[in-house]
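Worksheet: one structure, shown below.
Computed from the coordinates by the stated procedures, all read-outs in this text should not be read as laboratory data. Being a predicted model, the structure only gives us computed values, none of them experimental. In this analysis, Cβ positions are derived from the backbone assuming ideal geometry, glycine residues included, and neighbour counts consider all displayed protein chains.
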């Protein structure tokens, strides 16, 4: 039985930036996967994507306090760097950048990034400080890890638009790669927060992906009216029981612009609480 080489863990921004610059000077392409740890197969698929086109693959593991509101789950968010490093080693990740909060936000830190209208609806309405925290930490990470490519999962659709807007507006040299959502065998989108679900809630949670699949099937059969599509999705959630719907939204693909009828490629976004756990998912239809 062969042993798996663990990735090197780097704690300081100065060291990780030097390693990236040294690699790029030698002609290597560098890929980075920003994560908050608690890794699952969705994260690891991003490592696989980076491994396919990059010579040096770096994962960042940092639970970012600025994207959590005071009432959210920052303190209990799962943290296990040894487990994460072992999983990354199995995928041939080269380096893990795991800075402390003080390294990322030293005393006196005050700057934040506002990416504008793409961050305003849906998650932005319900978590007003969230995307400023996301954009700020991703900008800092891409300055400290100035990779050629950054890999994000499509499950966090609005987040990928926020990061893309920031990269374009601030002329960052890193290219954004958005990779497909990875799902459990029953369709539930992979999420670190799935670990919070009780066994009963875990069974109910699959209704989110089932409702999205139903919407896709209805569009394939000719339905175009968003009101009827939303009603059918809500019926699936109601039948599952124990699901507190936050929103169902239909937007033009690549934007956060709402649509009333499916005239072109559309993304359906859903957010709901299953028990005490808030989950999000989305699917492209049309």
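Some points to look at:
- Normalising the average separation of contacting C-alpha pairs (under 8 angstrom, six or more residues apart) by the number of residues puts the relative contact order of the range 1-107 at 42 percent.
- The range 208-262 and the range 33-103: distance between their alpha carbon centers, rounded to Å: 31
- For the chain, the longest principal axis of the Cα atoms and the long axis of helix 81-90 meet at an angle of about 90 degrees.
- Residue 86/residue 21 FRET efficiency (R0 35 Å; Cβ-Cβ; nearest 0.05): 0.80
- Ordering 33, 9 by the number of other Cβ atoms within 10 Å of each residue's own Cβ, fewest first, gives 9, 33.
- Tilt relative to the chain, helix 130-144 - C-alpha long axis, 0 to 90 degrees, to 10: 30
- The chain - mean residue ellipticity at 222 nm from DSSP helices (-39,500 (n - 2.57) per run, n ≥ 4, rounded to 500): -12000 deg cm²/dmol
- Two-decimal ratio, the range 192-285, of alpha-carbon radius of gyration to 2.2 N^0.38 Å: 1.07
- Residue order, fewest to most surrounding Cβ atoms within 10 angstrom, among 93, 179: 179, 93
- Average projected area [Cα convex hull, the chain], square nanometres: 16.3
- Principal axis box of the range 44-200, alpha-carbon based, largest edge first, Å: 43, 38, 30
- Computed from Cα positions, the angle between helix 41-53 and the longest principal axis of the chain comes to roughly 60 degrees.
- Size descriptors for the range 1-93 (Cα atoms only): Rg and Dmax, in that order, 14.5, 46 Å.
- DSSP beta bridges confined to the chain are antiparallel in about 50 percent of cases.
- Over the chain, relative contact order from alpha-carbon pairs under 8 Å, at least 6 apart, %: 17
- For peptides 99-110, 155-166, 125-136, sequence by mean Cβ density within 10 Å, most packed first: 155-166, 125-136, 99-110
- Calculated P(r) tail over 14 Å for the range 125-203, as whole % of Cα pairs: 68
- Hypothetical label at residue 253: residues of the range 193-217 whose amide nitrogen lies under 15 Å (7 Å Cα-Cβ projection): 216-217
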